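The values are calculated or read from the model by the stated rules, or taken from the named source; none is laboratory data. All values derive from a computational prediction rather than experimental measurement. Virtual Cβ from ideal backbone geometry, glycine too; neighbours counted across all protein chains shown. Note: areas computed on protein heavy atoms with side chains; ligands, DNA, RNA excluded. Shrake-Rupley method; radii C 1.70, N 1.55, O 1.52, S 1.80 Å.
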Amino acid sequence: MQKLDTPQIEERLKGVPEWSETNGAIQRTVLFKDFAGAMRFVNAVADLAEQMDHHPDILIRYNKVTLSLSTHDAGGITTKDFELAEKIDRAV
């Protein structure tokens, strides 16, 4: 998988407007009503990640979940990150 360059990343971000580029990854934070809702979401993301064999960094703070996606093997952001971001957006 080949790392995307800055113009490619900027173009792909238009398709996932809740995400932004941060330190070599794309990132999104989602707020939920409570901790249980956040955990249900995290479990749904885990299922998607397993299906794709592509795993995000996940930070959980009570009802706030922050996801960061990058392709470590490629050393940055790839199309695989955007594919998972799109699936995560549908799960929200």
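Packing-based ranking of 75-86, 10-21 yields 75-86, 10-21, ordered from highest to lowest mean Cβ neighbour count within 10 Å. About its Cα centre, the dipole of the chain is roughly 360 debye, where the only charges are +1 on Lys and Arg Cβ and -1 on Asp and Glu Cβ. Heavy-atom accessible area for MET52, with the other protein chains in place and a 1.4 Å probe, reaches approximately 30 Å².
By the rule of a C-alpha distance below 28 Å, with chain neighbours fewer than 8 residues away ignored, the lysines paired with LYS33 are LYS14, LYS64, LYS87. Kirkwood radius and radius of gyration were both taken over the C-alpha atoms of the chain, and their ratio Rg/Rh is 0.96. Within the same chain, aspartates and glutamates fewer than 8 places from LYS80 are excluded, and of the rest, those with a Cα less than 19 Å from its Cα are ASP5, GLU10, GLU11, GLU18, GLU21, ASP47, GLU50, ASP53, ASP57, ASP89. Each residue, THR22 and GLU10, gets one label point 7 Å from its Cα in the Cβ direction; the gap between the two is 2.1 nm. Against the chain, whose longest principal axis comes from its Cα atoms, helix 35-52 is set at around 40 degrees. The relative contact order of the chain, computed from alpha carbon pairs under 8 Å that lie at least 6 residues apart in sequence, is 37 percent.
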